[in-house]
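Remarks on the structure that follows.
The values are calculated or read from the model by the stated rules, or taken from the named source; none is laboratory data. Predicted, not measured: the structure shown is a model, and the values here were computed from it. For neighbour counting, all protein chains shown are included, and Cβ atoms are generated from backbone atoms with ideal geometry for every residue, glycine included.
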Amino acid sequence: MEAPVLKLDDLRRVGVATFVALAAMLAAVGGAEALKPSRVMADELPALDLEVAVPQRFGDWVEAVDAAPVVSDPTLDATLAQFYSQTLSRTYVNSRGQRVMLSLAYGRNQNSWNSAAHRPEFCYDAQGFTVAARGVTELALAGHVIPAMRMVGTKHQRHEPVTYWVTLSDTVAVPGLSRKLQQIRYGMQGMIVDGMLVRMSSLGADEAVEFALQDAFARDLERAMSPGMRSRFFGH
């Protein structure tokens, strides 16, 4: 049986098909490269120094320099340079002796799960706390409302209600679908966004009282921050 003979038209059709397939692959590669985020938003914003941006005294609050360290992720020290650019942990006390612990973790790249701020639930669980979720709340600030997560960490006699949220550039999100959609939105615009985890906690068995205290603390802190930095912690 003789081998089939390819005519010139057949060769041309094969050549055209190959060319089209190759062009499509190159376009896909080029498109993916074009969509790859490359604009580092942190480089276009005023430099952020958490120690300077967050006042040590504001409203009825002052930093308690003798306070015990705020609960932190036990793996943080080993991965600090990889995940976070800066961290800050302080405890504040008011004139009535009430205390609020503030913990901040700032990163220049919040585009992916690997580089984004990690959830406090994992931090507390890793240190032996029993963690109970309290869902999402709407935190009313000066002229706007932001979503915030509530949880309670319990270990022996320590009962610690926690409020936290995540910022992406100047927007606020909570972990899960909300943050993922924000990450995709910025990534599709070619942006590598900065952001941070803002966490407040206090000690007490009455969760309603502790959460109200944390809300008041957040409002006082927002008012005290410089207008140029405020949105990076609390969004617009």
Any residue at all in region 128-146 that is at negative phi, among the aromatic types (Phe, Trp, Tyr) and at pLDDT 90 or above? yes
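Counting just the residues of region 105-121 that are at pLDDT 85 or above and more than 19 Å from residue 203 (Cβ to Cβ), which one comes out surrounded by the fewest Cβ atoms within 10 Å (Cβ to Cβ)? Spell out how you get there, then give the answer.
Step one: filter region 105-121 for residues at pLDDT 85 or above, giving 105-106, 120-121.
Among the residues that remain, those that are also more than 19 Å from residue 203 (Cβ to Cβ) are: 105-106.
Values: 105: 27, 106: 24.
The selected residue is 106.
Can you tell me which residue is modelled with the lowest pLDDT among those in region 195-220 that are under 16 Å from residue 49 (Cα atoms) and hydrophobic (A, V, I, L, M, F, W, C)? Show your work before the answer.
Let us first name the residues in region 195-220 that are under 16 Å from residue 49 (Cα atoms), namely 195-198.
Filter again for hydrophobic (A, V, I, L, M, F, W, C), leaving 196-198.
Details: 196: 87, 197: 90, 198: 95.
By that ranking, first place goes to 196.
Please specify each residue of region 217-236 satisfying the condition of being without any contact (Cβ under 8 Å) to a residue 60 or more places away in the chain and surrounded by fewer than 16 Cβ atoms within 10 Å (Cβ to Cβ).
If the condition is that a residue be without any contact (Cβ under 8 Å) to a residue 60 or more places away in the chain and surrounded by fewer than 16 Cβ atoms within 10 Å (Cβ to Cβ), then 227 is the only one that fits.
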